[in-house]
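Each remark here refers to the structure printed beneath this line.
The values are calculated or read from the model by the stated rules, or taken from the named source; none is laboratory data. Remember, predicted model here, so these are calculated numbers, not experimental data. So basically every Cβ, Gly included, is an ideal-geometry build from the backbone, and we count neighbours across all protein chains shown. Keep in mind that these areas ignore ligands, DNA and RNA; they rest on the heavy atoms of the full protein, side chains included. Shrake-Rupley method; radii C 1.70, N 1.55, O 1.52, S 1.80 Å.
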Amino acid sequence: QDFIPKQHDSLRRVGVYEKGVQERFERCLDLYLCPRKLKRRLAIDPESLVPKLPDPRDLKPFPNALCRSFIGHTAAVVALDCSRDGQWLATADESGRVLLWEVSTGKLIRETAVLGPLTAL
């Protein structure tokens with residue numbers, strides 16, 4: 001219990017430090033005017049960040065070879081749709097025939113006739 005001051009009965013009665021305001025002001029000036037730490041910036045040429053694109057003459061259209069043909073329509077195909085998983089393909093022609101194909105094999109799975117012209121699936 002040696003740390004309890006005996007000279008004052010409360011902290012409110014302790015006097016103000018005479019140089020407190022001046023020292024605080026000088027400390028703030030030191031912090032405000034202190035030299036800033038130098039930030040090292042990377043010397044990167046902005047042009048080096050742009051990807052190198054190939055010449056359009058070197059690009060070939062994709063696909064450039066026939067991979068699979070779906071033969072079965074007698075009239076012009078006017079609509080086609082693919083399943084979300086890419087396993088099935090449905091095609092429709094001008095005569096009202098709808099064909100369901102298995103994409104991986106090119107095999108005709110089902111044929112359905114629809115009355116009237118088809119424009120979409």
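Dividing the summed -39500 (n - 2.57) terms of all DSSP H runs of n ≥ 4 by the residue count of the chain sets its mean residue ellipticity at 222 nm at -4000 deg cm²/dmol.
Taking the Cα centre of the stretch 11-121 as the origin and placing charges on Cβ (Lys, Arg +1; Asp, Glu -1), which of Trp88, Val78, Tyr17 is farthest toward the positive end of the dipole? Going by the Cα projections, it comes out as Tyr17. Rounded to the nearest 10 square angstrom, Ser104 shows an accessible area of 80 square angstrom against a 1.4 Å probe. Each of Ala120 and Cys82 was given a label point 7 Å from its Cα along the Cα-to-Cβ line. The distance between the two points is 2.0 nm.
Of the residues Val114, Val16, ranked by 1.4 Å probe accessible area with the largest first, the sequence reads Val16, Val114.
Explain nothing, just the number: dipole magnitude of the chain about its Cα centre with +1 on each Lys and Arg Cβ and -1 on each Asp and Glu Cβ, in debye rounded to the nearest 20.
Details: 19 positive and 16 negative charges, 151 e Å.
Here the chain has a charge dipole of around 720 debye.
For P(r) over Cα pairs in 5 Å bins from 0, in percent, the candidate list reads (i) 2, 11, 20, 25, 20, 11, 7, 2, 1, 0; (ii) 2, 7, 9, 8, 7, 5, 5, 4, 4, 4, 3, 3, 3, 4, 3, 4, 5, 5, 6, 5, 3, 1, 0; (iii) 2, 8, 14, 13, 9, 6, 5, 5, 6, 6, 7, 6, 6, 4, 2, 0, 0; the entry that matches the value derived from this model is (ii). For helix 20-33, report the angle its Cα long axis makes with the longest principal axis of the Cα atoms of the chain; keep it between 0 and 90° and round to the nearest 10°. Helix 20-33 and the main axis of the chain meet at about 40 degrees.
So what is the relative contact order for the stretch 67-121, in percent, with contacts set as C-alpha pairs under 8 Å and at least six apart?
Values: 105 pairs, mean separation 18.0, N = 55.
In percent, rounded to a whole number, it is 33.
Contact order normalised by length for the chain, with contacts defined as Cα pairs under 8 Å and 6 or more residues apart; what percent is it? Display every interim value, and only then the final one.
Details: 106 pairs, mean separation 17.9, N = 121.
Relative contact order here is 15 percent.
Per residue, the solvent-accessible area of the stretch 7-121 (1.4 Å probe, heavy atoms of protein chains only, all protein chains present) comes to 96 Å².
Once both labels are positioned 7 Å from their Cα atoms along Cα-to-Cβ, the gap between Tyr17 and Glu111 label points is 10.0 nm. For the stretch 19-109, give the percent of accessible area contributed by carbon and sulfur heavy atoms, probe 1.4 Å, rounded to a whole number. Here carbon and sulfur together make up 59 percent of the probe-accessible area.
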